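Asker: My structure is below; once you've seen it, I'll send some questions.
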Amino acid sequence: MRALLLRHGESVHNAARSGEPAAHSEGDKLTDKGVEQAHAAGEGLRELGVTHLLSSPLRRARETAAAVSETLGLEAEEIDYVGELTSAESFEGAIKRVRRLKAELESGRDGELPLLVTHGIFLRFFLLDSVLGERFEAPMAAGIWNLGSHNCGLCTFAHGESRDPLGQPIPGWTCLTWMERPWSRP
């Protein structure tokens, strides 16, 4: 099975280059550029066969999902546990949320292709948990900023379909693409 994970479009907070964060109520909404990115992503995803659209409950993700849904013709379902990490959340709590999503994706029906609109940090945790599994430990989390991300960057993950160079199945999740934007090169 495969799953597509899309980072939200540019938010007011992302666009602020001063280093001063915008107030949450203002910083969490998409900029005009973010809306354009989301519409472009929807157009680029049209032919991939997405079967259902999922979204973080945070405004920037919901607004991105709404723009994507216009093209895909799918109603976005909010999932309350795929939002951004908070300063009060433990490493273990974040990993627990990632693994909960993985388990739910794994229980899907054959032929489904879910698209989740989420956040850069959540995506990085998903990736590192997929690559390192139990070896991904709290001290390593500081290094996740070394993994670049783009607004409306698309990541493709597969479960149970990848093979190593000798043809042996690779257990668990594999990352097939990271932060692609074929509809709008960075």
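The values are calculated or read from the model by the stated rules, or taken from the named source; none is laboratory data. All values reported here derive from a predicted model rather than from experimental measurement. Reconstructed Cβ throughout: ideal geometry from the backbone, glycine too, with neighbour counts over all protein chains shown. Only protein heavy atoms, including side chains, enter the accessible area calculation; ligands, DNA and RNA are left aside. Shrake-Rupley method; radii C 1.70, N 1.55, O 1.52, S 1.80 Å.
Asker: How about segment 89-148: which of its residues are exposed (fewer than 13 other Cβ atoms within 10 Å of the Cβ) and in contact with a Lys or Arg (Cβ under 6 Å, 6 or more places away or on another chain)?
Answerer: none
Asker: Then there is this: Among (1) touching a Ser or Thr at 6+ places or on another chain (Cβ under 6 Å); (2) open to solvent by 30 Å² or more (accessible area, probe 1.4 Å), where does Ser56 come up short?
Answerer: Against the list (1) touching a Ser or Thr at 6+ places or on another chain (Cβ under 6 Å); (2) open to solvent by 30 Å² or more (accessible area, probe 1.4 Å), Ser56 comes up short only on (2).
Asker: Regarding Lys96, is this residue assigned to a helix (DSSP H, G or I), more than 14 Å from the chain's Cα centre (by Cα) and farther than 30 Å from Ala16 by Cα?
Answerer: So Lys96 passes the test.
Asker: Of all residues in segment 160-186, how many are in contact with an Asp or Glu (Cβ under 9 Å, 6 or more places away or on another chain), of a type in the set (S, T, N, Q) and under 16 Å from Leu5 (Cβ atoms)?
Answerer: Residues meeting the conditions: 1.
Asker: State which residue is nearest to the chain's Cα centre (by Cα) when the search covers only segment 99-150 and only residues that are of a type in the set (S, T, N, Q) and modelled with pLDDT of 95 or more. If you could, list the steps in order and put the result at the bottom.
Answerer: Restricting attention to segment 99-150, the residues satisfying the condition of being of a type in the set (S, T, N, Q) are 107, 118, 130, 146, 149.
If we keep only those that are modelled with pLDDT of 95 or more as well, we get 118, 130.
On the way: Thr118: 4, Ser130: 13 Å.
The qualifying residue nearest to the chain's Cα centre (by Cα) is Thr118.
Asker: On to the next question. Within segment 112-150, can you find the residues that are farther than 30 Å from Leu72 by Cα and aliphatic (A, V, I, L, M)?
Answerer: Passing the criteria: Val131, Leu132, Ala138, Met140, Ala141, Ala142, Ile144.
Asker: Right, here's the next one. If you take the residues of segment 59-77 that are part of a helix (DSSP H, G or I) and open to solvent by 40 Å² or more (accessible area, probe 1.4 Å), which of them is farthest from Thr118 (Cα to Cα)?
Answerer: Glu70
Asker: Looking at (1) open to solvent by less than 60 Å² (accessible area, probe 1.4 Å); (2) assigned to a loop (DSSP other than H, G, I, E, B), which one does Asp80 not meet, given that it meets all the others?
Answerer: The number of the failed condition is (1).
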